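The values are calculated or read from the model by the stated rules, or taken from the named source; none is laboratory data. The model shown is predicted, which means the values in this text are computed figures rather than measured ones. A quick note on method: Cβ atoms are made from the backbone with ideal geometry, for glycine too, and the neighbour counts reach across all protein chains shown.
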Amino acid sequence: MKKILLGNEAIVRAAFVSGVSYVTGYPGCPSAEIGDEFGKIAKENGVYAEYATNEKVALESAIGASFSGLKSLVNMKSFGINVCSDALFPLAYTGTKAGMVIVVADDPSCYSSAQSEQDSRGYAYLSKIPVLDPSSPQECYDFTKIGFEISEKFNIPVILRTTTRCAHQRALVSFEEWKKINVKGNFVKNPHQFSTMPPRTLEMKNELLEKIKKIKAYAEESELNKISGTQNKVGIIASGISYLHVLEALEELKLDLPVLKLGFFYPLPEQKIIKFIKPLKKVLIIEEMDPYLEKEIMQLAKTANLKVEIFGKNILPVTGELDAEKVCVALSKLTNKKFVAFKTRNFNLPKRTARLCEGCPYWYILPTVKRLAPEGTIFGGDIGCNMIGALPPHSMYDYMFCMGSSIGISHGIKKSSPNQKVISFMGDGTFFHSGIAGMINAVYNKSNPLMIVMDNRITAMTGHQPNPGMGKTLMGEDTEELQIADIAKACGIKNIKILDPINQKEFENTLKDFLEKDEISLIVCKRICALLARRIEKNKSN
Amino acid sequence: MEKTFNLIVNGIGGQGVITLLTFIDQAAMVQGYDVRSSELHGLSQRGGSVETHIRFGKKINSPLIPNGKADLIISSELLEGLRETEKSGKQTKFLVNDFIFPFQGSLSAEEIKKQFSLNKNEIHIIPASQVCKEKLQNEIVSTVYSLGYAVAKNLIPIKKESVLKAIDEIVPEKYKKLNINAFELGYAS
């Protein structure tokens, strides 16, 4: 079958075809459509799908499924791998039982990522887990399938690393139909393999290194690393989306150069690379963000005593995504082709930034806090729709980091500078993800920031995914609706107020009152996301 | 069609830009073209500028349109349309919805239209939102109205039947009529 698919949709189809039974993850951009799509169609296909409270918990549950014999897929955005890395590294040691593919979606140019322009490929070096790097929806499909094959063959998880322009690219994809499977797992005890505990840990490390040797041999033969073009003195090595820009650039410059496209980022097919660069005078390494490949290939050339000149980040940017034009500029420096980049004009048009939607409950929170907080109050922002508080017209946040961090940082500020007032904001999704840990720390270590949880009843920013505060699972089943205020109370917070911020007088009075408290306090501003409210209304009327 | 057709559809998050992209992708496929498009979700969708790229033709490599290479811009907001003039080529045509979504520090509709008039490119400014609001009580389909206009005026090498087939294939039953009506209104305008 052939259909236009988004890269993320292609991953979902490939997972079904590969016989996935257990899907978990945490929604983020640009990976969210994977979990969302599973949420819609998992049940009818006999597959279990959930969103976990965070990426670490997601990976841990997939480990449980894998050890019980179920093939699993874990989905997350770039920063998710930071959160789950604690479970990821021992998983490389224990290995998997049933196949596991972990999708990690990077976002070069930070289109929807605030905290850093992260190149997650680096985790391959830390964890020694194979990393595949697709460039198109078709490759999202093919690589996911091969990822499951590698995982099953070598009993190791495989990371499928996508980027925004691959995950959110639409193109025609050839795919197979899948049969509904309904596999029940069975955990067969095997602590020798499933428990990391010295001295076994070091044995496991050696087992992993042996596995990687075998996978390297597999990578040498794999069609994921392919050569095209005609022999020349200048050659190109590219991976991921950069490969498509290379094809475009070669066409634009009317060049026919040999290109080695690397589908494997780790382990690298070293012999194939050496063979490819040996006859070349110059080789250009084209990869987005960090020069991982470039460094590896430089080392390979040095060890093999090759005279080839290696170019990469000396003529290509480390920051921001690549495109065909940037590749053309770089290629024109290595060949006799002239290329003049298009001159854009600058009319100094006002920039339009993201903003709170019409009717967003946060309109009743942020301006009020800004108006009432005493001069010099420090405002901490978090991830989610509340990030928009950093932008005009609010321009409030004095610091902003990662999921759940606003409370952790506010605790540090209060301890360091007790006389300054600190208010930390976060959404309901972020609270459940990792805000709880920071809150417990602040109570335990006797700090007194004011915490405002902006509970809009859904994980809104990434496209309206359910979270533990909603009483609904990803597959649409009813479940316990966790109460933020009850959790806070159980964690020892004494000053707690739940209110609807549309009741401004109540909100104002609570703010004034809580800002004077010597202990940590919490306001849960509970009001449904305006988009969600409108959708519920529309569904009712239909 | 020998040459790849490069189309940028842009606007503001929530205006239906990505829905229109899926219609055009599908219609291009119906006509037998290779097609590749790129879109943005997440933060940029929350009321910010959204720019999507659609390319179709014999064989498409990269999903991104190089600066200056767009054949057509379909913009669902005036300022976002004007923004594209910063990187448009001589051949670039503009189809802009006469609609403004103001923000602090934004330009007035008059000012934007004045700046457009200084531009030598072929520019169509059409009341897509206004007509859809009046005749269909629904502004969200204004992008589909614009596509109808683009097809009727041969701004895009896509046939009417291909779009209707695309709508039939990808739009849920209860919204089909609304989308077809919007397309027909734009086509007949």
Name the residue, out of B:49, B:62, B:75, that is without any contact (Cβ under 8 Å) to a residue 60 or more places away in the chain and either within 22 Å of residue A:242 (Cα to Cα) or more than 10 Å from chain A (Cβ to nearest Cβ) (or both). B:62
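Take the residues in region A:136-179 that are under 24 Å from residue A:96 (Cβ atoms) and small (Gly, Ala, Ser); name whichever of them is farthest from the other protein chains (Cβ to nearest Cβ).
Out of the qualifying residues, it is A:151.
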Looking at residue A:353 and the list (1) at the interface with chain B (Cβ under 8 Å from one of its Cβ atoms); (2) under 31 Å from the mean Cα position of the chain (by Cα); (3) within 30 Å of residue A:309 (Cβ to Cβ), which single condition is not satisfied? (3)
Only one of (1) buried (at least 18 other Cβ atoms within 10 Å of the Cβ); (2) out of contact with any strand residue (DSSP E or B) (no Cβ under 9 Å at 6 or more places or on another chain) is not met by residue A:451, so which one is it? (2)
Looking only at residues that are in a helix (DSSP H, G or I) and of a type in the set (Gly, Ala, Ser) in region A:491-542, which one is farthest from residue A:428 (Cα to Cα)? A:541
Can you name the residue in region B:24-42 that is within 11 Å of another protein chain (Cβ to nearest Cβ) and in contact with a helix residue (DSSP H, G or I) (Cβ under 6 Å, 6 or more places away or on another chain) and, of all such residues, is nearest to residue A:358 (Cα to Cα)? B:39
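Answer with yes or no whether residue A:167 is among the hydrophobic types (A, V, I, L, M, F, W, C), more than 15 Å from the chain's Cα centre (by Cα) and at pLDDT 95 or above. Working first, answer last.
Details: among the hydrophobic types (A, V, I, L, M, F, W, C): yes; more than 15 Å from the chain's Cα centre (by Cα): no; at pLDDT 95 or above: yes.
Answer is no for this residue.
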Those residues of region B:62-100 which are in contact with a strand residue (DSSP E or B) (Cβ under 8 Å, 6 or more places away or on another chain) and part of a loop (DSSP other than H, G, I, E, B) amount to B:62, B:63, B:64, B:65, B:69, B:70, B:71, B:76, B:77, B:88, B:92, B:98
Counting only residues that are in contact (Cβ under 8 Å) with a residue 40 or more places away in the chain, within 8 Å of another protein chain (Cβ to nearest Cβ) and under 29 Å from the mean Cα position of the chain (by Cα), how many does region A:242-260 have? 3
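Among the residues of region A:73-110, what is the count of those that are of a type in the set (Lys, Arg) and within 15 Å of residue A:29 (Cα to Cα)? Break it down into steps so the answer makes sense when it comes.
Going through region A:73-110, the residues of a type in the set (Lys, Arg) turn out to be A:77, A:97.
This time we only want the ones that are within 15 Å of residue A:29 (Cα to Cα), so: A:77.
Summing the residues that are of a type in the set (Lys, Arg) and within 15 Å of residue A:29 (Cα to Cα) in region A:73-110 gives 1.
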More than 14 Å from chain B (Cβ to nearest Cβ), more than 19 Å from residue A:263 (Cα to Cα), modelled with pLDDT of 95 or more and part of a loop (DSSP other than H, G, I, E, B): does that describe residue A:182? no
What residue, of A:264, A:276, is over 32 Å from the mean Cα position of the chain (by Cα), buried (at least 19 other Cβ atoms within 10 Å of the Cβ), modelled with pLDDT of 95 or more and more than 14 Å from chain B (Cβ to nearest Cβ)? A:276
Suppose the filter is within 14 Å of another protein chain (Cβ to nearest Cβ), more than 14 Å from the chain's Cα centre (by Cα) and either of a type outside the set (Ser, Thr, Tyr) or crowded, with 18+ Cβ neighbours inside 10 Å (or both); does residue B:165 pass it? yes
Within region A:310-323, count every residue that is of a type in the set (Gly, Ala, Ser) and over 15 Å from residue A:108 (Cα atoms). 1
Scanning region B:4-21 for residues that are surrounded by 21 or more Cβ atoms within 10 Å (Cβ to Cβ) and within 9 Å of chain A (Cβ to nearest Cβ), the one farthest from the chain's Cα centre (by Cα) turns out to be B:13
Does residue A:170 count as outside any helix (DSSP H, G or I) and touching a residue at least 40 places away in the same chain (Cβ under 8 Å)? yes
Before we move on, is residue B:50 more than 14 Å from the chain's Cα centre (by Cα) and either surrounded by fewer than 23 Cβ atoms within 10 Å (Cβ to Cβ) or under 27 Å from residue B:168 (Cβ atoms) (or both)? no
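Condition check ((1) among the β-branched types (Val, Ile, Thr); (2) surrounded by 13 or more Cβ atoms within 10 Å (Cβ to Cβ); (3) under 23 Å from residue A:433 (Cα atoms)) across all residues:
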site	(1), (2), (3)
A:476	no, no, yes
A:495	no, yes, yes
A:500	no, yes, yes
A:514	no, yes, no
I'd like the residue in region A:197-215 that is part of a helix (DSSP H, G or I) and without any contact (Cβ under 8 Å) to a residue 12 or more places away in the chain and, out of all such residues, is surrounded by the most Cβ atoms within 10 Å (Cβ to Cβ). A:200
Mind checking which residues of region A:430-462 are under 23 Å from residue A:370 (Cβ atoms) and within 14 Å of another protein chain (Cβ to nearest Cβ)? A:456, A:460, A:461
Where in region A:1-100 are there helices (runs of 4 or more DSSP H), lying fully within it, with 2 or more residues that are acidic (Asp, Glu)? A:32-41, A:55-67
Among (1) in contact (Cβ under 8 Å) with a residue 24 or more places away in the chain; (2) assigned by TED's automatic domain parsing to the domain that holds residue A:283; (3) over 28 Å from residue B:46 (Cα atoms) - the single one residue A:329 does not satisfy: (1)
